[in-house]
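**Q** Mind looking over this structure? Questions follow.
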Amino acid sequence: MFRYRLQSVLKIRERITRLKLKSFSEVELRTQIMKEQVVTNRRSLAAAGRNLDMARQQGINVFQLQQHDMFSRRIKDENGRLGEQIRELTQELEARRKDLVEARRRQRTLEILKEKAEERYREEQQRQERIELDEISCNYHVFKGR
């Protein structure tokens, strides 16, 4: 029966790959959530602009203009802050992607070595079987000839 001598190392590498994938996914999720928040903020700002335009047609007061201006600044500031966080997360995401690719490469290397070892084992088993069958065949002809 085949037993891969580096099986425990392969299992560890598989676990490391899963952990790195989980870490990568978490950062990717946070990045996606922030991007969605930026889009939501832009939509809110656009809706507020449309509301302001409608208010102008009906007559607007200074208080409404000030509210819109404060809302616009707050949304723009928040989008700027989110944009900076997204850039930072994108850099972290790229670093984690590299780690994940490296972990997968190391795991795949061991998997390839395992496949080659299994193939050598099968070939050796087949060779031993052929030797045994040849011996049986030779013995059969020796005893038959008597």
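The numbers here are math on the coordinates, done by the rules we state, and not lab data. Since we're looking at a predicted model, the values are computed, not measured. Here the Cβ is made from the backbone with ideal geometry for all residues, glycine too, and neighbour counts use every protein chain on show.
**Q** Along the Cα-to-Cβ line of residue 53, 7 Å from the Cα, sits a label point; which residues in the range 66-89 have backbone N less than 17 Å from it?
**A** 68-69, 72
**Q** Another question, then. How far is helix 7-58 tilted, in degrees, relative to the longest principal axis of the Cα atoms in the chain, given as a value from 0 to 90 rounded to the nearest 10?
**A** Approximately 20 degrees, to the nearest ten.
**Q** Whole-Hz Karplus ³J(HN,Hα) for the range 108-117, in order, using 6.51 cos²θ - 1.76 cosθ + 1.60 and θ = phi - 60°, x for Gly and Pro?
**A** 5, 4, 5, 5, 5, 4, 5, 4, 5, 5
**Q** Among 40, 17, 90, which one moves the most in a GNM of the chain with springs linking Cα atoms closer than 10 Å?
**A** Answer for the Gaussian network model of the chain: 40.
**Q** Determine the dipole magnitude for the chain: charges of +1 sit on the beta-carbon of Lys and Arg, -1 on that of Asp and Glu, nothing else is charged, the reference point is the Cα centre, and the result goes in debye to the nearest 20. Write down the numbers at each step before the final one.
**A** Working: 34 positive and 24 negative charges, 23 e Å.
In debye, rounded to 20, the chain gives about 100.
**Q** Sum -39500 (n - 2.57) across every DSSP H segment of at least 4 residues in the chain, then divide by the residue count to get the 222 nm mean residue ellipticity, nearest 500. List each step's numbers first, then the result.
**A** Details: 2 runs with 135 residues, N = 146.
When only DSSP H runs of four or more count, the value is -35000 deg cm²/dmol.
**Q** At 0.36 nm per residue, and after removing the present C-alpha to C-alpha distance, how many nm does the segment from residue 6 to residue 28 gain when stretched out fully? Show your work: numbers first, answer last.
**A** Details: separation 22, 0.36 × 22 = 7.92 nm, distance 3.25 nm.
Stretched out fully, the residue 6 to residue 28 stretch lengthens by 4.7 nm.
**Q** Over the chain, what is the relative contact order in whole percent, taking alpha-carbon pairs under 8 Å and six or more residues apart? Intermediate values should be presented prior to the final figure.
**A** Values: 54 pairs, mean separation 68.9, N = 146.
Relative contact order for the chain comes out at 47 percent.
**Q** If I take R0 = 35 Å and measure r between the Cβ atoms of residue 82 and residue 61 in this structure, what FRET efficiency does the formula 1/(1 + (r/R0)^6) give, to the nearest 0.05? Mind showing how you got there, number by number?
**A** Numbers: r = 32 Å, r/R0 = 0.90.
Efficiency at R0 = 35 Å is approximately 0.65.
**Q** Another one. Which is farthest toward the positive dipole end of the chain among 6, 126, 54, measuring Cα position about the Cα centre, with Cβ charges +1 (Lys, Arg) and -1 (Asp, Glu)?
**A** Of the candidates, 6 comes out farthest on the positive side.
**Q** Take the alpha-carbon positions of the range 1-68, form their convex hull, and give its projected area averaged over all directions (one quarter of the hull surface) in nm². Numbers along the way, then the final one.
**A** Numbers: hull surface 28.4 nm².
Taking a quarter of the hull surface, the average projection is 7.1 nm².
**Q** Could you tally up the Lys pairs in the range 7-117 with alpha carbons closer than 29 Å? Skip any pair fewer than 8 positions apart unless they're on separate chains.
**A** 16
**Q** What distance in nm lies between label points placed 7 Å from Cα along the C-beta direction at residue 137 and residue 104?
**A** That separation, rounded to one decimal, is 4.8 nm.
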